[in-house]
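The values are calculated or read from the model by the stated rules, or taken from the named source; none is laboratory data. These numbers were taken from a predicted model, which means no experiment stands behind them. Neighbour counts are summed over all protein chains in view; Cβ atoms, including those assigned to glycine, are modelled from backbone coordinates with ideal geometry. Protein only, heavy atoms only, side chains kept; ligands, DNA and RNA dropped before computing areas. Shrake-Rupley method; radii C 1.70, N 1.55, O 1.52, S 1.80 Å.
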Amino acid sequence: MKQIKKSIYEIIKENLVDGTLPKTFSLPSDQSEHELCFADGAMDGIAIYHMMGHSEVSAESMSKLETLLHNISDGNFALGLEILCKFAKESSALNTINELEGFIYDNTDWINPNHLHQFAIDCMMGNDRELIKFGMEIIEVFTEPDEKIKEIIRTLGLSDEFTIFAIFNMQHWSNANSEIFHLAKNVHGWGRIHAVKYLEPTSKEIKDWLLKEGIKNNVMDSYSALEVYKKANIRELLNRELTDEEFHSITSIISALLSEGPVQGISAVEDADAMLLDFLNQAKQHELYLDLCNTIYHILYNEYSDSVITLCKNILHSDKAEKVIIDSLHKGQGVDLAKYLNMDYAEPLYQHMIENFENGWHNCRYLLKNSDYREKVLNLFKTKLPMEEMVSDPKDNRGLGKGYENYTKLLYVIQELKPYPLCGIDFVMLGLKSPVINNRNMALQVLNSWCKIKECSLKELSDKLYHCVSDLKDKEVSESVQKRIAEYEF
């Protein structure tokens, strides 16, 4: 007997814990774990925040849309679904939302609303992500739905993949802001970013939540920093006495504003200079901690007034700041601050790496630059990595997913060896014998760098390395690696 595939709605329901999906949850995917795939909601999120403008829907696609709606109105759902599948491959639900809804509004004289409504529900209860979104868009053109439909939309909205489409619907409900607020509290990734954008700060409860939780998402704090700064009234809060919890939250928000990464941040704050002065004066009233010191350091390296820069320097050059940084170094953190203050960071970082390798190995990027620690760090990695077990014939493998953590560590080590000919040769050879494409490419880059520094051929550099690359040439399965071998004339 053929097993019926579960709907995405059912999968979400089954995975809910106390009304929310686990932060590690993701919708089922047909892609293998070794393929690069988008997180739930990422494709639409990137389109909203990074792809400026709205792609025009072609006349051919609009013709398919009309045929689709005629079939639905005639009750031919099977053919309608077939046409929608083809339409979805050409135009995403997000990109065509205005055309789809506009076409429905303009043709109510012949579109059968009952059939259209049922078709939308059928799509929403299916297992195709894009068709679910189209279903949610179609439902939006109807009047406020009953509780049964609302429950479906709320449930789908708990997945970051569908949150924005749930919000589009909720905006038309009588208790819109309450619904969006509840959703915001129960999504963690792109869904929270969208929810914060559409949430109105109509109550103290919402403002307090925005202050403490608004920028916390598993994508990037910066996406919501400006929204939260405005909606939580950060500027006003800085003019009154703050609890430590409030000040810590404000510090995180300002830090996210300063990054100016994917979206506008501090540059969109009109009185940024005065605001930062108030923030720094608040900092003097609270205990220093690493994130606060890092935020102040970030301010220092931007173009603000002499008053702001002077205050930053006074705080960072204080005994309190030095103590925070020393304590942080023993935890494998605070290196940039230590370098700024000309503090010795190598020994505490190395000791931390010895004591807690899994949390400290990434600091090899600092220590391998130090000739006093280079061999020590390489020897430590030799004891920690199962190097013999990591040898493999080359594979078309990007090292994604679980089980490739050691190859990531190897990559970090190899890339730091470029300026040091023949140093760490065992790691470079292991990189050439790695199943992961990035390791092999990085090892070849290092060899190319060594040959340039020594002004010699690979064979002249090392007979052992020359034969290792020759062996790789015979076995290599990745086109990118083959091109690199040819480019370097190995």
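The numbered conditions (1) open to solvent by 30 Å² or more (accessible area, probe 1.4 Å); (2) more than 17 Å from I46 (Cα to Cα); (3) not in a helix (DSSP H, G or I) are all true for E246 except (3).
How many residues are touching a residue at least 24 places away in the same chain (Cβ under 8 Å) and open to solvent by 20 Å² or more (accessible area, probe 1.4 Å) if we restrict to the stretch 162-178?
Residues meeting the conditions: 5.
Tell me, yes or no, whether the stretch 304-314 has at least one residue that is in a loop (DSSP other than H, G, I, E, B) and either within 14 Å of I254 (Cβ to Cβ) or within 27 Å of the chain's Cα centre (by Cα) (or both). The answer is yes; a qualifying residue exists. Given the structure, is I11 at pLDDT 95 or above and either assigned to a loop (DSSP other than H, G, I, E, B) or of a type outside the set (D, E) (or both)? Spelling it out, I11 is indeed at pLDDT 95 or above and either assigned to a loop (DSSP other than H, G, I, E, B) or of a type outside the set (D, E) (or both). For the stretch 332-341, the set of residues classified as touching a residue at least 12 places away in the same chain (Cβ under 8 Å), part of a helix (DSSP H, G or I) and either open to solvent by 80 Å² or more (accessible area, probe 1.4 Å) or in contact with a Cys (Cβ under 8 Å, 6 or more places away or on another chain) (or both) consists of L337 only.
Within the stretch 407-425, residues that are within 16 Å of L465 (Cβ to Cβ) have Cβ atoms under 6 Å from residues that are hydroxyl-bearing (S, T, Y) in these pairs: K418/S449, counting only partners at least 6 apart in sequence or on another chain.
Screening the stretch 118-135 for residues that are open to solvent by 10 Å² or more (accessible area, probe 1.4 Å) and either in a helix (DSSP H, G or I) or out of contact with any Ser or Thr (no Cβ under 7 Å at 6 or more places or on another chain) (or both) and picking the one that is nearest to A176 (Cα to Cα) gives I121. Output yes when any residue across the stretch 461-469 is in a helix (DSSP H, G or I), open to solvent by less than 10 Å² (accessible area, probe 1.4 Å) and out of contact with any His (no Cβ under 7 Å at 6 or more places or on another chain), and no when none is. Yes; the residues of the stretch 461-469 include at least one that is in a helix (DSSP H, G or I), open to solvent by less than 10 Å² (accessible area, probe 1.4 Å) and out of contact with any His (no Cβ under 7 Å at 6 or more places or on another chain). I138 falls short on exactly one of the conditions (1) over 22 Å from L226 (Cα atoms); (2) of a type outside the set (D, E); (3) at pLDDT 95 or above; (4) in a loop (DSSP other than H, G, I, E, B), and that condition is (4). The single condition among (1) in contact with a Leu (Cβ under 7 Å, 6 or more places away or on another chain); (2) open to solvent by 70 Å² or more (accessible area, probe 1.4 Å); (3) within 30 Å of I354 (Cα to Cα) that P419 does not meet is (1).
Of the numbered criteria (1) open to solvent by 60 Å² or more (accessible area, probe 1.4 Å); (2) under 24 Å from G332 (Cα atoms); (3) basic (K, R); (4) more than 26 Å from the chain's Cα centre (by Cα), the one R365 fails is (4). Condition test on R440, is it over 30 Å from T24 (Cα atoms), basic (K, R) and open to solvent by less than 50 Å² (accessible area, probe 1.4 Å)? The answer is yes for R440. Restricting the first member to the stretch 342-363 and to residues that are touching a residue at least 24 places away in the same chain (Cβ under 8 Å), and the second to residues that are open to solvent by less than 30 Å² (accessible area, probe 1.4 Å) and hydroxyl-bearing (S, T, Y), the beta-carbon pairs closer than 8 Å and six or more apart or on different chains are A346/Y373; Y350/Y373. So which residues in the stretch 442-462 are farther than 20 Å from E388 by Cα and in contact with a Ser or Thr (Cβ under 8 Å, 6 or more places away or on another chain)? Across the stretch 442-462, the qualifying residue is only C451.
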